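Working notes for the structure below.
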Amino acid sequence: MSEATEVKIIREFNAPVERVWATWNSPELMKQWWGPKDFTAPTIKIDFREGGTYLYAMHGPAGTEYDIDMWNTGVYKEIVPNKRIVYLDSFSDADGNPVPPSAYGMSDLPDQMLVTVEFEALEGGRTRLTLTHAGAPAGAQADSMAIGWNQSLDKLAASL
């Protein structure tokens, strides 16, 4: 297995920090942008508090190998309103029980990874978001993760 790495993405949004923050803790708003291009988020459940959990389903384009619900769950470790969200992330089944990444054909990934999302208010009502997803093996898996996150954040920008 390759050495673990961090995928770090910095994006600026033309919206105030409170509005960008809300898209990370409202299931209705998150459904608008969660998942890479051409993916939908049919289910998002959030217990947004430290120690709370989430359950997301991502569904890929029809007729592709991703034309299934792919589930993720995790636990919020730290929440600082309008500043930072830190959570553990795992693949899961529809009931929120963690499953190994191999259940979705991704045997190179660890069972659990750490995601940190930082929000910074900028002048002019803009927001800088810094996302760090730690634990993916360096190489193709990390590259794929970066592509997926960037496509999701493109959708987030469009939804704002």
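The values are calculated or read from the model by the stated rules, or taken from the named source; none is laboratory data. Only a predicted model underlies this, so the values are computations on that prediction, with no experimental measurement involved. Backbone-built Cβ (ideal geometry, glycine too); neighbour counts: all protein chains shown.
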Seminar exercise, completed: Screening Thr5, Thr43 for residues that are touching a residue at least 12 places away in the same chain (Cβ under 8 Å), under 17 Å from Asp95 (Cβ atoms) and either buried (at least 16 other Cβ atoms within 10 Å of the Cβ) or of a type outside the set (Lys, Arg) (or both) leaves only Thr43
For this session: Those residues that are aliphatic (A, V, I, L, M), surrounded by fewer than 16 Cβ atoms within 10 Å (Cβ to Cβ) and not in a helix (DSSP H, G or I), I need them from segment 122-140; list them, please.
Result: Leu122, Ala134, Ala138
Problem set entry | Tally, over segment 1-24, of residues that are outside any loop (DSSP other than H, G, I, E, B) and over 10 Å from Thr127 (Cα atoms) | 8
Exercise. Among the candidates Gly135, Gly124, which residue alone is at positive phi and modelled with pLDDT of 95 or more?
Worked result: Gly124
Problem set entry | Residue in segment 64-73 that is touching a residue at least 24 places away in the same chain (Cβ under 8 Å), of a type in the set (A, V, I, L, M, F, W, C) and within 22 Å of Ser144 (Cβ to Cβ) present | yes
Exercise. Restricting attention to segment 113-136, does a residue exist that is more than 24 Å from Lys83 (Cα to Cα) and without any contact (Cβ under 8 Å) to a residue 40 or more places away in the chain?
Worked result: no
For this session: Evaluate segment 9-21: report whether one residue or more is of a type outside the set (Asp, Glu), on the phi < 0 side of the Ramachandran plot, buried (at least 16 other Cβ atoms within 10 Å of the Cβ) and at pLDDT below 95.
Result: no
Seminar exercise, completed: The residue that is surrounded by the fewest Cβ atoms within 10 Å (Cβ to Cβ), considering only those in segment 98-108 that are on the phi < 0 side of the Ramachandran plot and assigned to a loop (DSSP other than H, G, I, E, B), is Ser107
Exercise. Is it the case that segment 62-77 has a residue that's β-branched (Val, Ile, Thr) and in contact with a Lys or Arg (Cβ under 6 Å, 6 or more places away or on another chain)?
Worked result: no
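Which is within 20 Å of Ala4 (Cβ to Cβ), charged (D, E, K, R) and surrounded by 15 or more Cβ atoms within 10 Å (Cβ to Cβ), of Asp111, Asp89, Asp69, Asp143?
The conditions single out Asp89.
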